[in-house]
Amino acid sequence: MTDENFDYVVVGGGSSGCVVAARLASDGGARVLLLEAGHSNRHPLLDMPPGIFKMISGSKFMTYHHTVPQAHLDGRVHDIPQGNVLGGGSSVNAQVYMRGRPADYDGWNEVLRGNNDNVGWGWEDVLPHFRGMEANNRLNNSLHGTSGPMLVSDPGHVNEFSRWFVQAVQGLGEPYNPDFNGSSQRGVGFYQFMNRHGKRSSAAYAYVTPQENNPNLTVRLHCQVQRVEINRGRATGVVYKDKSGATHRVHADSEVIVSAGALVTPQLLMLSGVGPADHLAQHAIDCHADVPGVGQNLIDHPEVPISGVANGPYGYFRQADGWRMIRNGLQFKLFGSGPITSAGVEAGAFVNPNEPEALPTIQAFCVPVIYLDRDAKGAVEDDYGMTVTTVVVKPRSRGEVRLNSADASVMPAVSPNLLKDPHDMDEMIAGQRFFLRAFAQSPLTEHIDRIAIPPADARSDDDLRAHCKRFVKTNYHPAGTCKMGADGDRMAVLDARMRVRGIDGLRVCDMSAVPDINAGNTNAPAMMLGDRCADMLMGRI
């Protein structure tokens, strides 16, 4: 077993890990080791925005966590894909740039008010980080920046179905929203994306690539961390295996930062002896800190599709139309333009079907293809069309992550409990009804032959409930499994500075740290966590 020393060891090169590691090495001048279990982010499929469809259907760049059977979904087992690549989700996602709304972070602040850590998490506290990271190609104001490393752009190409969707939802009385990260989320419009000229701007490209010649930052891929080493109540380093299977020990002179994501971070803490003592005992793991909240409070955004078949060759493609895809690929390769510059999720909406003037309860994504994940393949025939996915943005359902084994190579047992809370199911059904109305609204209805799912003869509440139970899946946003909390919260894993309770020199910096999920996509918030964590470690917060 080899031994090395660094100031900081960052476990996990995802959206948060890339930011915190790069900033500690550059701004902080620290010697940092970033360990990533997955692959390099340099691959043409990852750079092309539509690569997301390949990622979802099956790729080495994704790890597919299989849930335990979900009793409330009639025993269904479904996948939760997570990035298996430097940059994590930011290297494989649909690139939508979304922060959530101020109330999300003000809510965190209320939860954490019982801490004596002299750090705030309200909107005014996190906004400077969002602005500082952002290089927006259209907006420059009190909410948006133009000089950060993360390139944020309007869609490079907009499909006709996306435009018809935006007009149809306006026809239902929703306002046009030119900026979902602006003063209000409500309405319909076009998303902004983390790319520029059709090339992905991931956390790896934005933060790690500029530090490639910095001797302070060492990045190692294909390295699976086995455990955090803890001695006398302090994290002193990690043990990991490299691609060949050789075992290495690395010492962290300052701190270990775990940024492995909301499914693997709690697994790693438990493998290291930090977690519910009774559960650790079941796997013969010595307990260094009895922290019952590790792996609990799993939150994810549930999504359910509505798919409409077009009455002509509208939308991006069907699988049988190979020539059209080849032509689009050549246009992108030769001229950097055309449909391949789009991730296929150009338009969306935030609505409250029951109380339109209140905060939105549903987010929608308009995808100009018949789109279903691999768990639902075969439910709709291959044809031209569009899919609208409806997402409950503030779900009440909570799940958990538990160990399957004391072996780090064995995936954890994940039970997300999507739509288990009746309130979430009611909101999802309301969202489905709202966007079924959008399909019947001009100008969208003139280009739709029929709704394939849910079919026209299955629209009662019971029918829609059955539809939701059959097709609900992750929106790829697991969070909350090592949450920050007030000093009196027994289930809080972290304090307000993301420090693990009961262990010195150990922090968690990823979406597992959040007390509640934000309303919207989670990649930008994950990067914000990395930015704030770096500032905390450098004494700037």
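Ligands, DNA and RNA left out, the accessible area of the chain computed with a 1.4 Å probe is 48% carbon and sulfur. Its relative contact order, with pairs defined as Cα atoms under 8 Å and 6+ residues apart, puts the chain at 23 percent. The charge dipole of the chain, taken about the Cα centre with unit charges on the Cβ atoms of Lys, Arg (+1) and Asp, Glu (-1), comes to about 980 debye, rounded to the nearest 20. Here the sum of -39500 (n - 2.57) over DSSP H runs of 4 or more residues, divided by the residues of the chain, equals -7000 deg cm²/dmol at 222 nm, to the nearest 500. Per residue, the convex hull spanned by the Cα atoms of the chain amounts to 141 cubic angstrom. Residue ranking by accessible heavy-atom surface, 1.4 Å probe, largest first, among TRP164, TRP108 comes out as TRP164, TRP108.
No disulfide-compatible partner, judged by a Cβ distance under 4.7 Å, exists for the following cysteines of the chain: CYS18, CYS223, CYS287, CYS366, CYS468, CYS482. Taken one residue at a time, the phi angles of the stretch 279-289 give Karplus couplings (6.51, -1.76, 1.60, θ = phi - 60°) of 5, 5, 5, 4, 10, 6, 9, 5, 8, 8, 8 Hz. Gly and Pro are set to x. Start at zero, step by 5 Å, and the Cα-Cα distances of the stretch 350-487 spread as 2, 8, 16, 19, 19, 14, 9, 6, 4, 2, 1, 0 percent across the bins. With a simple spin-label model that places each label point 7 Å from the Cα along the Cα-to-Cβ direction, the separation between ALA406 and THR146 comes to 5.9 nm. Considering only DSSP states other than H, G, I, E and B, which trypsin sites (Lys or Arg not before Pro) in the stretch 350-450 qualify as loop sites with at most 10 other Cβ atoms within 10 Å? Passing both the DSSP loop test and the Cβ count: LYS377.
Considering all alpha-carbon pairs of the stretch 73-190, what whole percent are spaced by more than 25 angstrom? Counting pairs separated by more than 25 Å, the tail of P(r) holds 45 percent.
On the principal axes of its alpha-carbon atoms, the stretch 1-140 has extents of 46, 44, 41 Å, going from largest to smallest. Taking a threshold of 25 Å on the Cα-Cα distance, which of the pairs LYS60/LYS420; LYS199/LYS483; LYS60/LYS199; LYS243/LYS473; LYS394/LYS469 fall above it? Those over the limit are LYS60/LYS420; LYS199/LYS483; LYS243/LYS473. The amide H of ARG227, built 1.01 Å from its N in the peptide plane, has VAL239 as neighbours under 5 Å, considering only residues 5 or more places off or on other chains.
Near ARG196, the amide H atoms lying under 5 Å from its own belong to SER201; only residues 5 or more places off or on other chains count, and H is placed 1.01 Å from N.
Less than 5 angstrom separates the built amide H of VAL85 from those of GLY38, HIS39, all sequence-distant by 5 or more or on a different chain.
Counting 0.36 nm for each residue step from ASP421 to GLU357 and taking away their Cα separation leaves a gain of 20.6 nm.
In plain terms, the C-alpha convex hull of the stretch 137-286 casts an average shadow of 15.3 nm² when viewed from every direction.
Its alpha carbons considered, the stretch 410-541 gives a radius of gyration followed by a Dmax of 20.7, 62 Å.
Each of ASN216, ALA206, GLN192 was placed along the dipole of the stretch 132-255 (beta-carbon charges, centred on the mean Cα), and the one lying farthest toward the positive end is ASN216.
The values are calculated or read from the model by the stated rules, or taken from the named source; none is laboratory data. The structure presented is a predicted model; accordingly, all values stated were derived computationally and were not measured. Positions of Cβ are generated from backbone atoms using ideal geometry, with glycine treated the same way; all protein chains shown enter the neighbour counts. The protein model used for the area step is the full one, side chains on, heavy atoms only, and it has no ligands, DNA or RNA in it. Shrake-Rupley method; radii C 1.70, N 1.55, O 1.52, S 1.80 Å.
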